[in-house]
Amino acid sequence: MNEMSQINNYKKELYEELGSILKFWADITTDKVHGGFHGKIDNDNQISPGAAKGSVLNARILWAFSAAFNQVPNTVYLNQANRAFQYIIRHFMDETFGGVYWSVDCKGHPLDTKKQVYAIAFTIYALSEFYKASGMEEAKKRAIDLFRLLVEKAYDSIQTGYFEAFTREWEPIDDLRLSEKDENEKKTMNTHLHVLEAYTNLYSIWPDKTLKVQIETLLSNFFDHFIDHETNHLVLFFDEEWNQKSGLVSYGHDIEATWLLLEAAEAIGNKLMIEKIKKTSTAVADAVMEGIDSDGGLWYEYEPANDHLVKEKHWWVQAEAMIGFFNIWQISKYDKYLQLSINNWQFVKDKILDKDKGEWFWGIKKDGSIMPSEDKAGLWKCPYHNSRACLEIIKRIECLNHDF
């Protein structure tokens, strides 16, 4: 099979997989009793009817169906996106203090009302995409309002960057963490990456000068702080004065950043930053290659301090590897990166897809067995990374075919 035939076969398989992923989320996760979508579903597709519903999950559902409709205009996708939009507006938006709640209970009542910048960023990202799909002005207005709120409440006007979390009333909060595994620090790479992603998508519907400055500042934050230019890995945690607080390597975040940074620079047309990112992204991708196993899968994390490799292969890490290495192939023209992307997809097909019940498993352990206690749908398990990998690579291949 020649290269273009291999690439077009890749596109065909991802198009089919996209349909499979979204069918699962439309058919299995829709909550027909309380509205919106179920908060938790296990590996056997068993629903936990009393589970909390997360703002990140719901925003990512809204983004996934909106983005799919924008590339594949299926009315089912638009209807599901509208369902997610209406639920977010009615149940997650804090109309008193602004922002979105972290979670609501199964009936849609506020549960954890803290303001996590990460969750608000994903809501901006999703609302911007839904505006493209629906043309609904309310979605655009709410996205802009949330951007302005983050700049007002969460932006560090002295040191730059965004603080991680606040109380419902936007007061300081003791526990800033997104999850129990995170360090309790005021600034994190993960949140900044997705604020950047959200602002990039918002800029595509609202090319505001203030927003552009924020995108440029975020890109500078990555070069000044988050990218370790000695190791070419990303530093995950900092205090408010940009003092490094972690040496942990997250292979998935490293490879995800390579293409999201470039996307942001291209969106604002910053040519100098584009070239700078292309060079750095290739170096980061080369550093990520140390985490690739012989089966094509990408390991989860590495702790240099004690030379400990977390030998798990999570679904989202593989999805980001698929896009990230494909992007580096487009930048460099070196075929090894294309093969890394295709090999990773083959690993996903072999080990991560649930061929019987749909969607992707959370991941596999060192011995190749499925991680049994993790969600197939939940606060963190969403149709975002995998549907985005399909959509992004399909789009890129279509552009390649057009060029040829």
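Once a ≥ b ≥ c are taken as the square roots of the eigenvalues of the Cα gyration tensor of the range 185-340, is the result rounded (a/c under 1.5), prolate (a/b larger than b/c) or oblate (a/b not larger than b/c)?
On the way: a/c = 1.92, a/b = 1.26, b/c = 1.53.
Verdict is oblate for the range 185-340.
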- Item | the range 188-235: GluC sites (Glu not before Pro) in DSSP loop, at most 11 other beta carbons within 10 Å | Glu230
- Go through the range 165-242 and name the trypsin sites (Lys or Arg not before Pro) that are in a DSSP coil and have 12 or fewer other Cβ atoms within 10 Å of their Cβ. Lys181
- Shape of the range 66-169, Cα gyration tensor, a/c cut at 1.5: oblate
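By accessible area of protein heavy atoms, probe 1.4 Å, what ranking do Thr29, Thr96 get, highest first? Kindly include the intermediate steps, with their values, before the conclusion.
Numbers: Thr29 0, Thr96 100 Å².
Ranked list, largest accessible area first: Thr96, Thr29.
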- Message: Quick check: pseudo-label points 7 Å beyond the Cα along Cα→Cβ at Ser157 and Asp145, how many nm apart are they?
- Response: 2.3 nm
- Item | Sum of -39500 (n - 2.57) over DSSP H runs of 4+, divided by residues of the chain (222 nm, nearest 500) | -17000 deg cm²/dmol
- Note on the structure: Checked the range 144-248 with the C-alpha gyration tensor, a ≥ b ≥ c its square-rooted eigenvalues, rounded below a/c of 1.5, otherwise prolate if a/b is larger than b/c and oblate if not; verdict oblate
- Query: Which one is right for this structure if P(r) over Cα pairs in 10 Å bins from 0, in percent is calculated from it: [x] 5, 23, 33, 24, 7, 3, 2, 1, 0, 0; [y] 4, 21, 32, 28, 13, 2, 0; [z] 5, 23, 35, 28, 8, 0?
  - Reply: [z]
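The values are calculated or read from the model by the stated rules, or taken from the named source; none is laboratory data. Given the structure is predicted, the values throughout are model-derived calculations rather than measurements. When we count neighbours, we look across all protein chains shown, and the Cβ atoms used for this are built from the backbone with ideal geometry, even at glycine. Areas reflect the complete protein model, heavy atoms only, side chains present, ligands, DNA and RNA absent. Shrake-Rupley method; radii C 1.70, N 1.55, O 1.52, S 1.80 Å.
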